[in-house]
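Visitor: Sharing a structure here in structure tokens format.
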Amino acid sequence: MSNREQLVVAPQEFSFIDQPEMTISFFRQAEGAYLRGRSVIYDLSKVESLSVTTAAILVSHIKDRNVNFGMVSKLISPEDPTVAKQLRQFGIFKRVVDHVEEIHADVAVHRLTNIKVANLMAREIVLASTFHVYGENRRISELYSTLIELMANTNNHADSEFIARYPWWLFVFPDQSKSAVKFVFLDLGVGLFESIPVRQWLTRNPFPPLSKRGDIALYERGGQLAKIFRNLEAGDIKSSTKLSSRGKGLPYVIKCAKSGHFKEFYIVSNDAYIDVLSNRVSAMNENFSGTLFYFEFQAA
């Protein structure tokens, strides 16, 4: 390995949802190496479990020049044959050497700019997903609306300097072991809790300083994030555009999440970890630069 390369070693449990702090730390190392003009070698050799959320972030880092600045990315495959097979099924290796459009047949990946809301694509995804789950095409408005609102909400909550700079990514993973479809929506912009609307709200509703003790400060920060999220859910923190054409926003996404069509629904943004279905908001010791939505569509 040359001095122009940096090795980043993945944890054994490589899951953005189950082990968010370790996974965020891993990707921050990679981002730092790219920023210093180094190529990155992603060492996945000791990975024993790999989640679709992590695979999605890995693809975005390898393919998005706003993240890697055009530097080369390499992968060391997992030694565990089951995980290595899973990685191949996600199409990771194919995406490293080829164009993002040339993807594995079992995985759908869509990469579009923040300013584009793809209604036709969302409709097609809903039909394919319902066929996988129900054995027939159905029009599930909650799934369709969730996809549309996430596309629009990405632009609503962006900092103006990030608009059209960072693309959003949508990954669709049909789960062959059960009647479910897993979705990962990834926005590598500023993140919900550092967006313009939230910053403006905090100016009007400032929080007291956090404790100097790390454990207490983390608990207090969790309370702050929960309060911000409750105001986002209630619609009290408005989008920066205030345009009706932008849709109903995050409050409607959360309403759809609780419709009974989703088994799991998580949001990870900045230092916030949110289990939407359980109404649990907690703070992390790591900060994710962006927002990730993970949800699993199932039969209602």
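The values are calculated or read from the model by the stated rules, or taken from the named source; none is laboratory data. Treat the numbers as computed from the prediction; the structure is a model and nothing was measured. FYI the Cβ positions are ideal-geometry reconstructions off the backbone, even for glycines, and counts take in every protein chain you see. Just the protein is used for accessible areas: all its heavy atoms, side chains included, with ligands, DNA and RNA removed. Shrake-Rupley method; radii C 1.70, N 1.55, O 1.52, S 1.80 Å.
Conditions (1) surrounded by fewer than 21 Cβ atoms within 10 Å (Cβ to Cβ); (2) touching a Lys or Arg at 6+ places or on another chain (Cβ under 8 Å); (3) at pLDDT below 95, marked per residue:
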| site | (1), (2), (3) |
| --- | --- |
| Arg230 | yes, no, no |
| Gly235 | yes, no, yes |
| Lys238 | yes, no, yes |
| Lys248 | yes, no, yes |
| Cys256 | no, no, no |
| His261 | no, no, no |
| Ile267 | no, no, no |
| Asp271 | no, yes, no |
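Visitor: Can I ask one more? Which residue, of Ile148, Ile163, Ile115, is open to solvent by 10 Å² or more (accessible area, probe 1.4 Å), at pLDDT 85 or above and among the β-branched types (Val, Ile, Thr)?
Guide: Among Ile148, Ile163, Ile115, only Ile148 is open to solvent by 10 Å² or more (accessible area, probe 1.4 Å), at pLDDT 85 or above and among the β-branched types (Val, Ile, Thr).
Visitor: For region 181-210, which positions are part of a helix (DSSP H, G or I) and of a type outside the set (Val, Ile, Thr)?
Guide: Narrowing region 181-210 to residues part of a helix (DSSP H, G or I): 192-194, 196-204.
Within region 181-210, Leu192, Phe193, Glu194, Pro197, Arg199, Gln200, Trp201, Leu202, Arg204 qualify.
Visitor: Which residues, taken from region 30-46, are over 25 Å from Asp187 (Cβ atoms) and aliphatic (A, V, I, L, M)?
Guide: Let us first name the residues in region 30-46 that are over 25 Å from Asp187 (Cβ atoms), namely 37-39, 41, 43, 45-46.
Selection gives Ile41 alone.
Visitor: While we're on this one: Taking Tyr219 as the residue in question, decide whether it is farther than 30 Å from Arg139 by Cα and either open to solvent by less than 60 Å² (accessible area, probe 1.4 Å) or outside any strand (DSSP E or B) (or both).
Guide: So Tyr219 passes the test.
Visitor: Looking at Gly32 and the list (1) modelled with pLDDT under 95; (2) loosely packed, with under 14 Cβ neighbours inside 10 Å, which single condition is not satisfied?
Guide: Unmet for Gly32, out of (1) modelled with pLDDT under 95; (2) loosely packed, with under 14 Cβ neighbours inside 10 Å: (1).
Visitor: Turning to a different aspect of this structure: Six or more apart or on different chains, Cβ atoms under 9 Å: show the pairs whose first residue is in region 42-69 and free of Cβ contacts under 8 Å to residues at least 60 places away in the same chain and whose second is among the basic types (Lys, Arg) and in a strand (DSSP E or B).
Guide: These pairs meet every condition: Tyr42/Lys74; Lys63/Arg111.
Visitor: Quick one: would you say Ala55 is at pLDDT 95 or above, among the small types (Gly, Ala, Ser) and buried (at least 18 other Cβ atoms within 10 Å of the Cβ)?
Guide: No, not satisfied.
Visitor: Sticking with this one: I'm checking my understanding of the structure. Among residues of region 1-18 that are among the aliphatic types (A, V, I, L, M) and surrounded by fewer than 20 Cβ atoms within 10 Å (Cβ to Cβ), which one is modelled with the lowest pLDDT? First the steps, then the outcome.
Guide: In the first step, residues of region 1-18 are kept if they are among the aliphatic types (A, V, I, L, M); the result is 1, 7-10, 17.
Cutting the leftovers down to surrounded by fewer than 20 Cβ atoms within 10 Å (Cβ to Cβ) gives us 1, 7-9, 17.
Values: Met1: 71, Leu7: 96, Val8: 97, Val9: 97, Ile17: 96.
Filtering region 1-18 for residues that are among the aliphatic types (A, V, I, L, M) and surrounded by fewer than 20 Cβ atoms within 10 Å (Cβ to Cβ), the one modelled with the lowest pLDDT comes out as Met1.
Visitor: Name the pairs: first residue in region 27-41 and over 7 Å from Gln6 (Cβ atoms), second residue in a helix (DSSP H, G or I), Cβ to Cβ under 7 Å, at least 6 apart or on different chains?
Guide: Phe27/Ile57; Phe27/His61; Ala30/His61; Glu31/Val67; Tyr34/Val67; Tyr34/Asn68
Visitor: While we're here: Can you tell me which residues in region 252-267 are in contact with a helix residue (DSSP H, G or I) (Cβ under 6 Å, 6 or more places away or on another chain) and touching a residue at least 60 places away in the same chain (Cβ under 8 Å)?
Guide: Hits for region 252-267 are Tyr252, Val253, Cys256, Ser259, His261.
Visitor: Only one residue in Glu48, Glu21 is open to solvent by 30 Å² or more (accessible area, probe 1.4 Å) and farther than 19 Å from Asn270 by Cβ. Which one?
Guide: Glu48
Visitor: In region 58-76, what residues are surrounded by 15 or more Cβ atoms within 10 Å (Cβ to Cβ), more than 20 Å from Gln19 (Cα to Cα) and small (Gly, Ala, Ser)?
Guide: The answer is Ser73, and nothing else.
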